[in-house]
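The values are calculated or read from the model by the stated rules, or taken from the named source; none is laboratory data. Source: prediction; values computed, not measured. Cβ atoms come from the backbone with ideal geometry, glycine included; neighbour counts cover every protein chain shown. Just so you know, the surface numbers come from the protein's heavy atoms only, side chains and all, with ligands and any DNA or RNA stripped out. Shrake-Rupley method; radii C 1.70, N 1.55, O 1.52, S 1.80 Å.
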Amino acid sequence: MKKSKDLTSGSKTRKKKVFSSGDSRASKLENNNFKKEKVLKGVAASPGVAIGPLFTLKKQSTSFSLDHIVERKVDNVNEEINRFQSAIHETRSQILSLKKHVSENANKESDAQIFDAHLLIVDDKILMAEVVDVIKQDQIASDLAFYNVMNRYITAMSAMPDEYIKERAADIKDVAERVLHNLCGTSRVDLSNVPSDCVIVAHDLNPSDTALLDASTALGFITEVGSRTAHTAILARSMRLPAVVGVPNLISSLDDDISIVIVDGFVGDVIINPTEMTLEKYEKKLEKSQRLMLDFLEENSLRTETIDGYSIKLEANIDNSNDVQNVLKYGASDVGLFRTEYLYINRVTLPSEDELYNEFVRVIKKLPENASIVIRTLDVGGDKLIDNISTNFEHNPFLGLRAIRLCLRERKELLQTQLRAMLRASALGKVRILFPMVTAVEEVVQLKRTVEEIKIDLKKSRIDFYEDVRIGIMIETPAAALIAENLAYYVDFFCIGTNDLVQYTMAADRGNERVAYLYQEAHPAVLKLIHMVAKAAHNHAIPVAVCGEAASNPYYIPFFIGLGIYALSVTPTMLGSAKRVIRALRMNQAQDAVWHAMQSNTEEEALNYSFELLRKIAPDIVELMR
Ligand code: PEP
Ligand code: MG
């Protein structure tokens, strides 16, 4: 059995052409007859199947590098500053038109937001003033001054262990390249001549280039580098382009003799020169996935309850207000986890209280009246290091001053700013405050005291907030799970963060592929901890949700339901499949499966119980995931 975390739901599908016009399947296979089928494994970045000829994008001719810059002194500094400012101006207009192109052509408005992040970079006054200072002080040409300033940021961010930050460095590089092109008068890679009905292969694709791909003719793409959280992958999901990224040695594995390639974005497989049998198999899979996705969309207004009437709250995880559009489209109305750290990434300065407040209010306004929004305080540290929130070097950042630890001990002002914004927003909607990375009761006491202090301040200033705002904690450390009975006494709800709970329980870094075999979300130890948490929540009559990635995996859903989890919070595009699984379940089946799973010796054995169950109740979903 193969596990996959990547089963999309409900996305509107368009019938993709399997081959380019004029190429009959027979002729393709004829050409393919003597070629050996090859399977490459990568990261399933965007679900779906694409089958077609390959088009390899050549490396960009110019890049963010000193090679393109002629070092020269300038006599007229003001003239040079003007030249720099007009390049920034030009870059700004290019980004705006790219944004427009994406809003008109991509599936969701939030994709255009990627370019908001790019605009933030060109609009960053401090950053631009730094460049102007360097031009003035060193009397050098603006391209070199700009390169030097940007390179410092890019190098620092690229050196971070966190993949997400690295990807954000890629965004800055993308913008920096554009500015340099404008300063030097060179042009970027031209994607306009990519033939239609092809699977695009590249070492890497940056978001601007991806946005220029014509989603109505491109079949999908494969890249050698990249991760699921990269903006390129985000765009691919929204453009409904099946994609597999992070395929090691991709380019060197390709020769000129390739007729057809298959991209399986559900499991992360790339099949080169498939045999007739393989081809037939994937054509069927393509059709099935398209049918299923349409079904999910039609089901999005159905109640999320088991066959025997147990209602499960299905909520969505978001990173910003633009994600709300998809929350509604795919059938949820509540936000179970708003990860605020993404409001701090992609920028040089920290967001102000007003900026945070305005973003929270945007979410409230876009959601239906009465919708609840769980907003989590900053979870910086671990694998999410943010450049402008200074965190000292730590040998084990996952075991270091992460999240509330950093906020309580060194950066209290960050917490205060966030809490003020959240409390102010609570006057307008059902805001709940969530604290990540809790391990001890004292932390919760301190956090609650901070909330109370802020309430007093707000009252003094006659600023409105909701007095009884609910306070919850993430249960994502074994310590928190083991003392859940004690913690439940202090808080209004629990949110189980399986992404971290699994890594801390299994002592396996969630981002380290070398110990990925031990990162087992359904390991009996993990299930037993979740069971303890659910029991504690029930004993204290507080709601308990699961908001880690496991909450959207059809294989784990029966376990969570069986353990008495009240809500699941998932990525918006995964709402459809989660709903389908919940609606196919009976509570006693789920309880039976998880009881057996908890007694199992291994995760594999545990998973078999849900696999056998799902095979009976949701065979369509199981089929796509293998
Ligand atoms: C989790 O740990 O499961 C979680 C939801 O938090 P994050 O993935 O942001 O660490
Ligand atoms: Mg976490």
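When the pairs 166/460; 313/366; 284/313; 285/366; 412/535 are compared against a 31 Å limit on Cα-Cα distance, 166/460; 284/313; 285/366; 412/535 fall above it. Helical runs (DSSP H, four residues minimum) scored at -39500 (n - 2.57) apiece and divided by the length of the chain put the mean residue ellipticity at 222 nm at -14000 deg cm²/dmol. By DSSP, the beta bridges lying fully in the chain are antiparallel in about 35 percent of cases. Which one, 183, 415, 431, is farthest towards the positive end of the dipole of the chain when Lys and Arg carry +1 and Asp and Glu -1 on their Cβ? About the Cα centre, the residue reaching furthest to the positive side is 431.
By the Stokes-Einstein formula, at 0.890 mPa s and 25 °C, the chain with its Kirkwood radius over alpha-carbon pairs has D equal to 95 µm²/s. Proximity of backbone amide H atoms, modeled 1.01 Å from N, is registered between residue 475 and 495, 496, 497 at under 5 Å, excluding neighbours fewer than 5 places apart on the same chain.
Gyration tensor analysis over the Cα atoms of region 312-434 returns equivalent ellipsoid semi-axes of 27, 15, 13 Å (largest first, whole Å). Rolling a 1.4 Å probe across all protein chains gives residue 626 an accessible area of roughly 140 Å².
Taken about its Cα centre, region 476-626 carries a charge dipole of about 440 debye when Lys and Arg each add +1 at the Cβ and Asp and Glu each add -1 at the Cβ. With 10 Å bins beginning at zero, the pair-distance distribution over Cα atoms of region 476-626 amounts to 12, 42, 37, 9, 0 %.
Assuming charge only on the beta carbon of Lys and Arg (+1) and of Asp and Glu (-1), the dipole of region 77-184 about its Cα centre is about 80 debye to the nearest 20. Other residues whose C-beta falls under 14 angstrom from the C-beta of residue 369 contribute a net charge of +2, scoring Lys and Arg +1 and Asp and Glu -1. Of the accessible area of region 496-626, computed with a 1.4 Å probe over protein heavy atoms only, carbon and sulfur atoms account for 48 percent. Highest average first, the peptides 472-482, 551-561, 156-166 ordered by how many other beta carbon atoms sit within 10 Å of their residues are 551-561, 472-482, 156-166. Note on residue 214 and residue 100: with the Förster distance fixed at 25 Å, the Cβ-Cβ geometry gives a FRET efficiency of about 0.95. Less than 5 angstrom separates the built amide H of residue 45 from those of 243, 244, 245, all sequence-distant by 5 or more or on a different chain. Compared with the alpha-carbon gap, the fully stretched path from residue 442 to residue 133 is longer by 106.5 nm at 0.36 nm per residue.
For region 77-184, the solvent-accessible area with a 1.4 angstrom probe is 41 square angstrom per residue.
Surface calculation, 1.4 Å probe, protein heavy atoms: residue 538 sits at approximately 100 Å² accessible. For region 77-184, with all protein chains in place and a probe radius of 1.4 Å, 49% of the accessible heavy-atom surface sits on carbon or sulfur. Per residue, the accessible area of region 312-434 comes to 35 Å², computed with a 1.4 Å probe over protein heavy atoms only. Note on surface exposure: 184, 547 rank 184, 547 by accessible area, highest first, 1.4 Å probe. Among 521, 369, the sequence by solvent-accessible area, most first, with a 1.4 Å probe is 369, 521. With all protein chains in place and a 1.4 Å probe, the accessible surface of region 337-475 carries 46 percent carbon and sulfur. Extension gain, residue 85 to residue 413: 0.36 nm times the residue separation minus the Cα-Cα distance gives 114.6 nm.
Solvent-accessible area of residue 279, all protein chains in place: 0 Å² (probe radius 1.4 Å, heavy atoms, ligands and nucleic acids excluded). A convex hull fitted to the Cα coordinates of region 447-502 yields 87 cubic angstrom per residue. Among beta bridges identified by DSSP and lying wholly in region 288-409, the antiparallel ones come to about 25 percent. At an R0 of 56 angstrom, the distance between the Cβ atoms of residue 159 and residue 486 translates into a FRET efficiency of 0.90. Straight-line cross-link partners of residue 281 among the aspartates and glutamates, defined as a Cα under 16 Å from its Cα and at least 8 positions apart when in the same chain: 37, 264, 269, 620, 623. Packing around the peptides 308-314, 148-154, 415-421, 578-584, taken as the average count of other Cβ atoms within 10 Å per residue, puts them in this order, highest first: 578-584, 415-421, 148-154, 308-314. Less than 5 angstrom separates the built amide H of residue 315 from those of 568, 569, 570, all sequence-distant by 5 or more or on a different chain.
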